[in-house]
Amino acid sequence: MILSADQIAKQNLKHETLHQNNFGFLEEKLTGEGIHLSEIMAQLAAFQVAIPSWALGTGGTRFGRFSIGGEPINLMQKIEDIGVLHALTQNAGAVSLHIPWDKVDNYPELKEKANTLGIAFDAMNSNTFQDQKEQPYSYKFGSLCNVDPAIRQQAVNHNLEVIEIGKKLGSKSLTVWLADGSNFPGQNNFQEVLKNTLDSLKHIYKALPEDWKLFIEYKPYEPNFYSMVIPDWGTSFMLANQLGPKAYTLVDLGHHLPNTNIEQIVATLMLQGKLGGFHFNDSKYGDDDLSVGSIKPYALFLIFNELVYGMQENKNNPYPAWMIDASHNTKDPLEDLLQSIEAILTAYAKALLVDQKAVKKAQASHDVVLAQELLKKAYQTDVRPLLAEVRRLQKGALNPLAAYRQLNIRQQLIDERGKDTVASGL
């Protein structure tokens, strides 16, 4: 299904008076504090977060999946669902594909479909953490790190294929996440598997077009629990440095041990010009893939505070690629994504309100209390009317989640696709 601007405009009429009152109050307050609201609104309007193709169906656990009905059974339908999200929010104008899950026969047709909905193709994702039916060798004991050169070459060739598909779609980056690692002491030689991985990545890096980036993701555990070949940001950073200027570290919020200071990692990578991408989600225990901001919203704000500072100060660091990497089995996936988009924009807007000059002045005088209060002041500001106004000016929904429900979109998708559909991929 495709949402029209008229449908959204009719929904906005129901909330227009209340919105104008709320935004007028906030605008007067922030303007009185010397904040240049138009600049912040322009940055919020320009922010686009990629939707992963695998998050448009009901997510799962290692025990099972429970379909909600009306799920997209092919990539074209997934693009349509992202079109619905983008029409409502105006901040979901990109899709991130996973190959081979998202292989199609006609890529020009796919690109044309996405163009009609205002959807661009963000980072391409390779998959060497699963065996595919047609592949001759198994990744059971690793892919890019494997002791068998034939298996390593198979994994390299897959990544080269993903690059070629991305070129057809207008993507400009490749994300490599490796499940490679070991479950038992002695299973791998740590140095050998790391050297093998670097050598494999060099072959992939060499095939990148000049205007592409390579994002290297890390994860401390899962699916292997004794060791992962790329377990932390330091290993990813080291590999990116050895590969060259087109290689960057990718930060996934769920890929850290509990209580890791992620904002400090962000700051360090941006200082070094090596933060390439960001995957948003939330967690209580590990890589839970929960809705963004649902567990630790203040931590998300602190991360964005460092991102905003870095985007202003670290001109050697490229503008990061943003993607949501969250999917669970207890929500309508489109509602889950709407909540995540709102949480991301909320944290970003609050971080844009931080008086960075005042914070630096407090830090210089060792006024710890004032520095903390300046951050809390921005965090405690209700920016929902600001986000709604930005959407309104772009013909998006004042309240995307309410509009989604009032338009009964899930039932329309069930009527169109059926009750028992299960999303492709995964």
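Overview of values
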| quantity | calculated |
| --- | --- |
| Value at 222 nm in deg cm²/dmol, rounded to 500, when DSSP H runs of n ≥ 4 in the chain each add -39,500 (n - 2.57) | -15000 deg cm²/dmol |
| In nm, spacing of pseudo-spin labels at Ala42 and Thr17 (7 Å Cα→C-beta vector) | 3.5 |
| Exposure proxy order (Cβ contacts within 10 Å, fewest to most) of Glu71, Glu109, Glu161 | Glu109, Glu161, Glu71 |
| 10 °C / 1.306 mPa s Stokes-Einstein diffusion coefficient of the chain, Kirkwood radius on C-alpha pairs, µm²/s | 70 |
| Those lysines that a straight Cα-Cα span of less than 24 Å connects to Lys315, excepting residues fewer than 8 apart in one chain | Lys172, Lys213, Lys246, Lys274, Lys350, Lys357, Lys360, Lys361 |
| Relative contact order (%) - criterion: Cα under 8 Å, at least six apart; region: segment 48-165 | 23 |
| Whole-number percent relative contact order across the chain, with pairs defined as alpha carbons under 8 Å at least 6 apart | 23 |
| Segment Lys168-Asn259, length gained on full extension (0.36 nm per residue, minus Cα span) | 28.7 nm |
| Computed FRET value (nearest 0.05) for Gln363 with Ala402, which takes r as the C-beta separation and R₀ as 60 Å | 0.90 |
| Size of segment 281-426 as Cα extents on the principal axes (Å, biggest first) | 63, 36, 30 |
| Equivalent ellipsoid, segment 1-110 (semi-axes from 5 times Cα gyration tensor eigenvalues, Å) | 36, 17, 16 |
| Distance histogram for segment 128-253 (every C-alpha pair counted, 10 angstrom bins, percent rounded to whole numbers) | 14, 46, 35, 6, 0 |
| Reach of Lys10 by Cα under 27 Å, taken over lysines that are not fewer than 8 positions away in the same chain | Lys78, Lys113, Lys331, Lys395 |
| Dipole in debye (nearest 20) - segment 235-320, about Cα centre, beta carbon charges: Lys, Arg +1; Asp, Glu -1 | 280 |
| Residues Thr381, Thr17 arranged by fewest to most Cβ contacts within 10 Å | Thr17, Thr381 |
| Per-residue Cβ neighbour rank within 10 angstrom, fewest leading, Tyr298, Tyr309, Tyr285 | Tyr285, Tyr298, Tyr309 |
| Ranked by how many other beta carbons lie within 10 Å on average, peptides 45-52, 171-178 from highest | 171-178, 45-52 |
| Cα-based radius of gyration of segment 228-283 once divided by 2.2 N^0.38 Å, which approximates compact folds | 1.08 |
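Bear in mind that the values in this text are calculations on the coordinates, not laboratory data. What you are looking at is a predicted structure, and each value in this text was computed from that prediction instead of being measured. Quick reminder, even Gly has a Cβ in these numbers, built from the backbone with ideal geometry, and neighbours come from all protein chains shown.
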